[in-house]
Amino acid sequence: MAPTLADPFNDSSALLEFVINQGNGVKGLSELGLGALPKQYIQPLEERTCMTRIEPQESIPIIDMSNWEDPEVAKSICDAASKWGFFQIINHDVPIEVLENVKDATYRFFSLPAEVKNKYSKEHSSSNNVRFGTSFTPHAEKALEWKDFLSLFYISEEEASALWPSTCREQVLDYMKESKVVIKQLLQVLMKGLNVNVIDETKESLFMGSMRTNLNYYPKCPNPELTVGVGRHSDVSTLTILLQDEIGGLFVRKNEGDNWIHVPPIKGSLVINVGDALQILSNGRYRSVEHRVVANGSKNRISVPIFVNPRPTNMIEPLPELIASGEKPIYKQILYSDYVKHFFRKAHDGKKTVEFAEL
Ligand SMILES: COc1cc(/C=C/C(=O)SCCNC(=O)CCNC(=O)[C@H](O)C(C)(C)COP(=O)(O)OP(=O)(O)OC[C@H]2O[C@@H](n3cnc4c(N)ncnc43)[C@H](O)[C@@H]2OP(=O)(O)O)ccc1O
Ligand SMILES: O=C(O)CCC(=O)C(=O)O
Ligand SMILES: [Fe+2]
């Protein structure tokens, strides 16, 4: 039964029961029409975006992929990955219907009743590869984040058929399949920029041997200025391909300083960012940059990132080609699944995860 509105969640165990154990998520909280944000979501002042500096005149690069092999375009991709760690691509090869379909599928999944979504929670899911959750790591967080998610780790079509929710399975599989072309183009250009000219099977598996798609749902929030959609973090992927809807709210840290830049939605575009694995493999030449998502007081927002990763069993370290050319390694060799587990076991904390791999 939903708690009454008078003093609904003063008791944290009642909130966790409703949001996590019953699978209502923050979407369920939002739909209760609460007058105020439950205290468990109130972030410390320094984590609230209203307290940080936004540079409205700045923008991450927008790159036209229609001539991706043109040396000028290739240079702009490598420069964006080194300087900003983030860029948007337009005129890429992922069909617009595939993007629209996966957004519709995201809404469909989150519209399911709580008890149906809850079958995919950490406690009830029959596999670690399918997980419905809320916030990031609720048990490790001092303040919760205003986001629900479904996370789908791809093993095979057979496993997806057996385990992924049928409301979104085909659309997510299509989105992942169609994105592979642009992922390979980007990796080819980025590697050429490091003088790594051949991507053989071993390298391909190291760069894109595993993929995870998250469906993120950020419902409208009673006091958006007091909380966050996603706290400051860098992704642990090689590259992330992000589809966002028309609402906006993603911010990227500028040049390791105190200023943040908004990533405006552009219809049909994809946001690309470098993850920690590529920062490590490139010995710091390409940078995984901190980003965050604000909560919204009037609209629901969705986003659909594909995290392109090494395989969990891969050892990651600066590429031998870079070391052979005389660079001093700044990261040690590390088992990728140990790196990801380290990320997932703590609350979001900016760029701290990468320290785990520093020499
Ligand atoms: C959710 O909000 C997010 C997510 C993100 C994500 C950004 C990324 O970059 S995701 C890309 C991650 N890379 C991969 O998934 C590929 C490699 N995968 C692996 O190495 C493994 O599959 C594994 C993730 C390490 C899980 O291995 P397993 O042997 O099953 O280990 P466990 O002990 O079950 O899990 C370890 C630890 O992680 C938690 N966890 C697992 N999966 C998820 C998930 N999808 N989402 C959240 N947390 C997950 C699991 O609960 C364990 O923690 P405990 O504390 O329970 O021990 C960016 C921003 C966001 O807001
Ligand atoms: O929703 C967004 O725009 C970004 C989400 C994000 O950073 C993530 O899921 O890692
Ligand atoms: Fe992210």
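The values are calculated or read from the model by the stated rules, or taken from the named source; none is laboratory data. Because the structure is a prediction, the values reported are computed rather than measured. Don't worry about glycine lacking a Cβ; one is built from the backbone with ideal geometry, like all the others, and counts go over all protein chains shown. With ligands, DNA and RNA removed, areas are computed over all heavy atoms of the protein, side chains included. Shrake-Rupley method; radii C 1.70, N 1.55, O 1.52, S 1.80 Å.
Okay, here's what the table says:
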quantity	calculated
Computed E for Ser337/Val116 - FRET, C-beta separation, R0 25 angstrom, nearest 0.05	0.25
Degrees, to the nearest 10: 71-83 long Cα axis against longest axis of the chain	50
Antiparallel DSSP beta bridges within the chain, as percent of all bridges there, nearest 5	85
Inter-probe distance in nm under a simple model that places probes 7 Å from Cα toward Cβ, at Lys328 and Ile62	4.2
Sequence-separation-based contact order of the range 71-210, relative, with Cα cut under 8 Å and 6+ spacing, percent	29
Extension gain, Lys75 back to Glu321 (0.36 nm per residue minus Cα-Cα distance, nm)	86.6 nm
Cα gyration tensor category, rounded, prolate or oblate, for the range 268-359 with a/c compared to 1.5	prolate
Amide N proximity, the range 133-156 versus Lys346 label position 7 Å along Cα-to-Cβ, cut-off under 16 Å	136-143
Accessible area (Å², per residue) of the chain, counting only protein heavy atoms and a probe of 1.4 Å	44
Accessible surface of the range 75-180, 1.4 Å probe, proportion on carbon and sulfur as whole %	49
DSSP-assigned coil residues among GluC sites (Glu not before Pro) in the range 224-313, each with at most 14 further Cβ atoms within 10 Å	Glu246, Glu256
Prolate/oblate/rounded call for the chain, Cα gyration tensor, a/c under 1.5 rounded	prolate
Accessible area, probe 1.4 Å, largest first, for residues His348, His124	His124, His348
Efficiency of FRET between Glu225 and Ile247 - r from beta-carbon atoms, R0 22 angstrom, step 0.05	0.85
Long pairs among Lys103/Lys177; Lys122/Lys332; Lys122/Lys341; Lys220/Lys346; Lys203/Lys328, criterion Cα-Cα beyond 24 Å	Lys122/Lys332; Lys220/Lys346
Potential lengthening between Cys50 and Ile96 on full extension [0.36 nm per residue; Cα-Cα distance subtracted]	13.2 nm
Computed over the chain: relative contact order in percent, which uses C-alpha pairs under 8 Å that are six or more apart	22
The range 132-265 shape via C-alpha gyration tensor axes, a/c threshold 1.5	oblate
Residues in the range 139-168 that a label on His124 would reach, taking backbone N under 14 Å of a point 7 Å out along Cα→Cβ	165
Rounded to 10°, Cα long-axis angle of helix 96-111 versus longest principal axis of the chain	30
